[in-house]
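What follows is a set of notes on a single structure, which appears directly below.
The values are calculated or read from the model by the stated rules, or taken from the named source; none is laboratory data. Only a predicted model underlies this, so the values are computations on that prediction, with no experimental measurement involved. Using ideal geometry, Cβ is built from the backbone for each residue, glycine included, and neighbour counts are taken over all protein chains shown.
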Amino acid sequence: MSGSFDILIVGIGGQGTVLASNVLGEACIMENRTVRSAETHGMAQRGGSVESHIRIGGQHGSLIAPGTAELLIAFDLLEALRYRHYLPPGGRLVTNRRLVVPTSVYMQGLDAPDEEAIIAALGDLDLSCVDAAALAREAGSPLAQNIVMLGAASHHIPLASGTVLEAVRRCVPKKTVDINVRAFQLGRDAVKRC
Amino acid sequence: MAAQYLLGNEAIAHACLEAAIDVASGYPGTPSSEVIDILRMQDERPFHVEWSVNEKVAFEIALAAAWCGVRSLCTMKHVGLNVAADPLMTSAYTGVTGGFALLVADDPFAHSSQNEQDSRRYAHFARIPCLDPASVQEAHDMMVESFALSEEFGLPVIVRPTTRICHSKSDVRLGDVRGEHRTGTFRHDPKQYVTIPAHARLLHRHLNDKQSRIKKRLVERGFNHHTIRGETAIVASGVAAAYVQEVIPDNVSFAKVGAYPIDEEWLKDFVDQHRTVLVIEELAPVVEEAVRQVATTTEVSGKMTGTVPYEGELSPASVAAAMRRAGFAPTETFPDATPVQGVPPRPPILCAGCMHRATFFAMKKVFRDGIFPSDIGCYTLGLQLGAVDTTICMGASITVGSGIAHSGEERDVVCTIGDSTFLHTGIPGLLNAVYNGANIIVVILDNRITAMTGHQPNPATGVTATGEPSPPTSLEAICRACGATFVETVDPYDLPLLLETFRQAKERKGVRVIISRQPCVISARRAGIRRKPYTVDTEQCTGCGACRAFGCPAIAFADGRPTITDLCAGCGVCADICPSGAIHTEGRR
Ligand code: SF4
Ligand code: SF4
């Protein structure tokens with residue numbers, strides 16, 4: 001294929017997908033890798049479904065084609081389901097095991113699958129999951145869920161985990177470095193098959 | 001410099017520092033906004049940078065600075081250029097002395113826009129050069145060069161990245177920030193700057209005379225280049241060129257167009273050497289039209305043959321599919337991956353505690369069968385609440401509302417417009433409505449900031465782009481000066497008062513203005529304002545569902561019963577809506 005290692009990070013606007021992608025990009029620079037990424041800005045960030053494409057070793061465009069991602073990282077379980085077609089059959093998904101039900105579901109009386117149903121529907125993938133909210137609280141801030149997820153996914157990212165951790169230190173706000181370093185470690189240690 | 005990981009817009013902003021600009025102006029608009037946001041926050045190079053009240057104003061500021069010999073930048077999104085089109089067209093006649101780069105970001109797929117117009121058409125229309133980058137690095141390099149090019153030809157130069165450049169990141173190599181400053185001096189030259197007919201006719205000829213030199217120069221500079229590798233060829237521009245390079249076979253020739261106007265001789269020479277040419281570009285078939293004009297026996301495919309889609313954004317997969325349709329064999333085949341069906345959508349939504357939601361709620365309650373022309377901002381998301389009936393362009397809520405009222409429509413017409421949009425182009429609409437006796441209600445959603453594009457200050461905020469205090473514009477005084485006599489300001493978190501004010505307005509005739517004022521929750525949080533979160537008392541809650549229709553994202557439901565999550569911003573409006581008094585601040589009964 002294109003020779004790049006393609007990671008799609010998905011979540012909800014406000015969950016910090018952009019920061020997570022910044023960490024991976026910074027880590028690529030530290031390891032002298034080329035990198036291309038694309039992210040969602042503007043209106044969709046207001047609580048909408050968002051995606052960040054990161055192509056480690058990428059040389060051309062920043063978009064990943066559906067069906068070809070090497071790794072899908074989902075900050076929300078419902079978003080994992082929405083974007084799973086970016087993975088090839090049996091592809092690798094690291095996901096938060098919780099979901100936030102979209103407000104429009106309540107307002108319009110739509111059906112939303114629950115956690116068990118979604119996990120079952122993702123069962124044909126190489127799936128691992130963490131409870132990002134619980135681990136982020138344990139690390140010291142509910143805002144650190146994005147870094148918990150990066151820690152959990154770090155086993156499968158072709159960058160040294162030390163480099164990624166150093167990139168976390170450089171990218172997060174100064175006051176939150178300790179919390180985020182803890183979040184990364186907790187995510188890295190806690191991840192398991194669902 | 002070592003490589004850095006930067007957003008396209010960050011690289012573009014840095015390029016302006018490297019080119020030693022002395023004036024920057026713009027109006028926020030996704031995907032262009034971060035450029036001025038970065039320039040106004042940086043401290044590597046001090047110079048005048050402003051958020052102007054609209055794109056026409058911004059354009060004229062930067063143009064005049066360039067007349068005075070300094071280098072200037074003006075930024076906007078594609079639709080902003082419609083607003084600035086008037087000075088744009090004649091600025092090609094007057095020309096410039098200092099380099100003047102106009103950064104206009106296009107938005108294929110209309111990710112956050114009302115249309116998919118192509119700014120390359122404007123460059124063609126005005127007869128000025130346009131640079132069209134294919135990558136973040138190229139956006140940076142072209143931005144640096146645009147100023148020198150502008151000075152060489154004495155013309156404004158459009159730099160036109162698309163969303164996928166502005167909002168992509170990559171490893172980028174930057175140059176050094178230059179230290180020297182120029183001081184502007186206005187040179188009296190009425191033949192250049194006073195475009196009365198006698199002068200305009202001559203200036204038009206000068207503009208036309210420059211064209212052939214520009215075309216040659218753009219090829220010499222390497223913006224337009226090609227490699228011959230076979231008897232079939234692909235011509236691509238912008239980010240599509242990057243997608244093509246991912247999948248083009250070795251025996252297919254490739255021409256990359258990165259600048260306009262295209263030199264016809266260069267293009268013809270390339271086209272003539274091929275049996276078939278496929279043109280791949282986003283938005284309008286600008287390159288394709290040029291190829292068709294020079295092609296004699298070569299078979300040309302592209303948008304006009306239905307080979308490349310006209311609408312939306314291209315991607316590696318759609319480029320490969322177009323190649324296959326045209327008989328090429330892309331080096332990669334992309335799987336046919338379809339999304340899972342039936343996943344509930346997650347559209348963007350007004351924030352928990354957003355003042356727009358409360359205002360829309362009261363508006364809909366009082367004006368049950370009202371007609372709701374609206375405008376462009378976060379509040380366009382009021383569509384989900386049934387509170388937005390029209391949106392066409394900046395400032396059009398009041399004028400569209402006036403037109404509906406003048407058509408003889410008898411239902412109440414209630415227009416909603418944000419503070420920034422009102423100051424952008426809403427004021428003439430209000431003035432016109434009063435002058436011509438429209439029967440409408442105008443609600444100014446005043447959250448003291450330009451929120452949707454990333455919380456930029458505007459004249460109502462009380463600070464400039466660079467953080468200097470400025471007298472906050474009085475919207476009340478502006479509305480009164482436009483001739484409105486009913487001008488009421490309310491706090492939308494005070495739901496009973498808001499409802500009462502809407503009812504009073506409904507009783508009257510003529511132009512009635514309600515200013516609904518409360519800071520945007522995001523900027524309020526950044527300013528350190530904390531409100532106590534609310535909770536639902538499960539014993540008092542009857543499960544009536546009144547709060548469900550309000551649609552606050554901090555209210556979740558399990559088995560039909562509400563709970564309030566940690567997204568709660570403490571606006572308290574749901575507590576006023578609950579008929580059983582079941583919602584309180586935490587710890588209070
Ligand atoms: S950013 Fe501000 S204006 Fe926009 S939806 Fe959120 S609270 Fe409302
Ligand atoms: S007080 Fe009620 S309406 Fe306001 S943010 Fe909290 S839950 Fe939403």
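Structure notes:
- Segment B:1-27, residues that are within 14 Å of chain A (Cβ to nearest Cβ), in contact with a helix residue (DSSP H, G or I) (Cβ under 7 Å, 6 or more places away or on another chain) and in a loop (DSSP other than H, G, I, E, B): B:Ala3
- Long-range neighbours under 9 Å by Cβ, at least six apart or interchain, first residue assigned to a loop (DSSP other than H, G, I, E, B) within segment B:510-531, second among the acidic types (Asp, Glu) and away from ligand 1 (no atom under 13 Å from the Cβ): B:Gln518/B:Asp491
- Any chance B:Ser237 is under 28 Å from the mean Cα position of the chain (by Cα), assigned by TED's automatic domain parsing to the domain that holds B:Val294 and under 26 Å from B:Phe334 (Cα atoms): yes
- Top-ranked residue in segment B:195-240 [being assigned to a helix (DSSP H, G or I) and small (Gly, Ala, Ser); ranked as nearest to B:Phe109 (Cα to Cα)]: B:Ala240
- In segment A:60-97, the residues that are among the polar types (S, T, N, Q) and at the interface with another protein chain (Cβ under 8 Å from one of its Cβ atoms): A:Ser62, A:Thr68
- Qualifying residue in segment B:507-522 (condition: closer than 24 Å to A:Ala133 by Cα, surrounded by 13 or more Cβ atoms within 10 Å (Cβ to Cβ), within 16 Å of ligand 1 (Cβ to nearest atom) and outside the structural domain of B:Pro457 (by TED's automatic domain parsing)): no
- Boolean, B:Ala546 is within 13 Å of chain A (Cβ to nearest Cβ), closer than 20 Å to B:Gln384 by Cα and away from ligand 1 (no atom under 16 Å from the Cβ): yes
- Given (1) away from ligand 1 (no atom under 16 Å from the Cβ); (2) farther than 29 Å from A:Ser62 by Cβ; (3) in contact with a Pro (Cβ under 9 Å, 6 or more places away or on another chain), number of the condition B:Glu313 does not satisfy: (2)
- Here B:Pro519 clears all of (1) within 15 Å of ligand 2 (Cβ to nearest atom); (2) more than 29 Å from the chain's Cα centre (by Cα); (3) away from chain A (no Cβ under 14 Å) except the condition numbered (2).
- Scan of segment A:68-86 for residues that are in contact (Cβ under 8 Å) with a residue 60 or more places away in the chain, closer than 20 Å to B:Phe334 by Cβ and not charged (D, E, K, R), ordered by number: A:Thr68, A:Ala69, A:Leu71, A:Leu72, A:Tyr83, A:Tyr86
- Residues of segment B:526-545 satisfying the condition of being within 12 Å of ligand 2 (Cβ to nearest atom) and surrounded by 14 or more Cβ atoms within 10 Å (Cβ to Cβ): B:Arg531, B:Pro533, B:Tyr534, B:Thr535, B:Val536
- Considering residues of segment A:116-130 that are surrounded by fewer than 16 Cβ atoms within 10 Å (Cβ to Cβ) and in contact (Cβ under 8 Å) with a residue 12 or more places away in the chain only, the residue farthest from the other protein chains (Cβ to nearest Cβ): A:Asp126
- Residue check for B:Glu468: in contact with a strand residue (DSSP E or B) (Cβ under 6 Å, 6 or more places away or on another chain) and either in the same structural domain as B:Ser402 (by TED's automatic domain parsing) or under 30 Å from B:His48 (Cβ atoms) (or both): no
- Residue check for B:Arg531: within 16 Å of ligand 1 (Cβ to nearest atom), among the basic types (Lys, Arg) and within 24 Å of B:Lys365 (Cβ to Cβ): yes
- Within segment B:550-588, considering residues that are part of a strand (DSSP E or B) and β-branched (Val, Ile, Thr), the one farthest from ligand 1 (Cβ to nearest atom): B:Thr563
- When A:Pro102, A:Pro113, A:Pro173, A:Pro158 are checked against the criterion of being out of contact with any helix residue (DSSP H, G or I) (no Cβ under 6 Å at 6 or more places or on another chain), closer than 26 Å to A:His53 by Cβ and free of Cβ contacts under 8 Å to residues at least 12 places away in the same chain, A:Pro173 stands alone in meeting it.
- Within segment A:24-59, the set of residues being part of a strand (DSSP E or B) and more than 8 Å from chain B (Cβ to nearest Cβ) comprises A:Val50, A:Glu51, A:Ser52, A:His53, A:Ile54, A:Arg55, A:Ile56.
- Inclusion of B:Pro492 among residues that are within 14 Å of ligand 2 (Cβ to nearest atom), away from chain A (no Cβ under 14 Å), modelled with pLDDT of 95 or more and part of a loop (DSSP other than H, G, I, E, B) is warranted.
- Among the numbered conditions (1) in contact with a Ser or Thr (Cβ under 7 Å, 6 or more places away or on another chain); (2) surrounded by fewer than 22 Cβ atoms within 10 Å (Cβ to Cβ); (3) part of a helix (DSSP H, G or I), the only one that B:Ala433 does not meet is (2).
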